[in-house]
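Engineer: After the structure tokens below, expect a handful of questions from me.
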Amino acid sequence: MVSLPQISNKFYDGNEIRIPSSSLTEIQVFIPKPISDELDAGKIYVSLNGESANRLTDKRALPDGKLLTLDLKRIPDFFLRNGRNAIEVRAETNTGIELYDSCVLFAPYSIDGKEFKESEKFTGEKYAIVVGISKYQNIKGLNFADSDAKAFREFLISPQGGGVKPEKIQLLTNESATLANIIKALEEYKKKLKPEDLLVFFMAGHGAPQNADPNNPKPPFYYLTTDTRQDSIAKTALQMELLRDKLINESNVKRLISFIDTCHSAGFGGQGIGGLGMRRLSLNDLSNQYSETSLFNPEGMAVITSSDINETSYEDLLNDKQRWQGHGVFTFYLLEGLKGQADFNKDKIVTAGELFRYIEDQVPKAVDIFIEDLVKKGISRSDLSSQHPRAAIANNENLPLSFVSEEKPLFTNSNNKTKKQ
């Protein structure tokens, strides 16, 4: 149960709590008896929006349970956001059973005192451009970027994905994903899109700034196409600025969701450890930062990228397709979230905000396990990094992205001891 002392002393036992403002700085979580008797305080873990909040949490035993108090003022980087804020509690009992529960605090969006409506009825058409490149003509390729794109297209067509009509999805993979073909697709959709429409843009493949000069705070960033030449990236790759112009500045669309998994690099420029599921690009330290902060600035638009700056993005191993079912870890959890795992408030709708919270939580944990497996195989830990997706969701956090099928459970876990707290 959750309490917000700055509002009242009442404890709420629900999946979503409406709060008047994101400026609240104290949150209390109460675990009642008899469950609390089975838990050691040191094995209770709290996170806020996917990030561990243990450093700012005081734990206290009370006669009727355990009280966890989160002091958001303790660490400057912790704060509530406008929109949805996920509080998650994980614990392990004395007998080794894992427990989990969550709650969403929803703070209204507002600019200059004007509150935004949570959602609007969608009346437009749905379009998508889906790009995935594993095979390059002049650059060492990837394993599963094309599979990522094909699986994402299939999801968009499904009822859960909104039933986007196949003829309204442009799929470009491998040989067809040339610079000319991608620009052609952008031009065609630019002419079709109306303000009430939705465009989904997905891209998986290599990406890189043209240079890695630390004195240049913003080198040009490029998405590499199948015909990109390493000795002429500026002329043969898709520049981010051009993509932004085609999707935003030259179109009328007001709803745009983009998933970009371009921190792929095993072997590009002679760097990385090929064949070990790594998608790191040594020249790509700034790529996701630019995608997040520069590509989609306007209100009502959102971008989710696969990893933080200076981090590796990982994909499945050729000999271990069971790990992420033949996908990059980002796309695997992206699809899992869209199919229902991210429906935190159980309203059968996955929103942009819920999806990011899920990816933000799941990807780092999965990658940490993967890294441990690589270390056991003799790979130096210093050659490996974690992976933390990033997002710029602006005021689009409540845009519905998918509908949860009634036939499938909302939450699954390979550990059969995991249950709802």
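The values are calculated or read from the model by the stated rules, or taken from the named source; none is laboratory data. Computed from a prediction, not measured in an experiment: that's the story for all the values here. For neighbour counting, all protein chains shown are included, and Cβ atoms are generated from backbone atoms with ideal geometry for every residue, glycine included.
Engineer: Of the residues E372, E354, E407, only one is acidic (D, E), surrounded by fewer than 17 Cβ atoms within 10 Å (Cβ to Cβ) and at pLDDT 80 or above; which?
Structural biologist: Only one candidate qualifies: E372.
Engineer: Residue check, I87 against (1) of a type outside the set (F, W, Y); (2) in contact with a strand residue (DSSP E or B) (Cβ under 8 Å, 6 or more places away or on another chain); (3) over 29 Å from P389 (Cβ atoms), all met but one. Which one?
Structural biologist: (3)
Engineer: What are the pairs with Cβ atoms under 8 angstrom where one residue, in the stretch 154-178, is among the charged types (D, E, K, R) and the other, located anywhere, is not in a strand (DSSP E or B)? Sequence gap at least six, or different chains.
Structural biologist: Close Cβ pairs satisfying both conditions: K165/I157; K168/E125; E175/K135; E175/T226.
Engineer: Out of the stretch 182-197, which residues are touching a residue at least 12 places away in the same chain (Cβ under 8 Å) and under 30 Å from R229 (Cβ atoms)?
Structural biologist: I182, I183, A185, L186, E187, E188, Y189, K190
Engineer: Counting only residues that are modelled with pLDDT of 80 or more and more than 11 Å from the chain's Cα centre (by Cα), which one in the stretch 316-335 is farthest from A149 (Cα to Cα)?
Structural biologist: Ranking the qualifying residues of the stretch 316-335, first place goes to R323.
Engineer: Just checking, does the stretch 147-163 include any residue being part of a helix (DSSP H, G or I) and aromatic (F, W, Y)?
Structural biologist: yes
Engineer: Quick one: which strands (runs of 3 or more DSSP E) lie wholly within the stretch 1-107 and hold at least 3 residues that are at pLDDT below 85?
Structural biologist: Ranges flagged: 83-93, 98-107.
Engineer: Please verify whether F296 is modelled with pLDDT of 85 or more, crowded, with 22+ Cβ neighbours inside 10 Å and under 20 Å from K126 (Cβ atoms), treating the condition exactly as stated.
Structural biologist: Against the criterion (modelled with pLDDT of 85 or more, crowded, with 22+ Cβ neighbours inside 10 Å and under 20 Å from K126 (Cβ atoms)), F296 does not qualify.
Engineer: Out of (1) surrounded by 15 or more Cβ atoms within 10 Å (Cβ to Cβ); (2) over 21 Å from D347 (Cα atoms), the odd one out for S52 is which?
Structural biologist: Status for S52: all satisfied but (1).
Engineer: Out of the residues in the stretch 236-260 that are of a type in the set (K, R) and in a helix (DSSP H, G or I), state the one that is modelled with the lowest pLDDT.
Structural biologist: Once the filter is applied, the top-ranked residue is R244.
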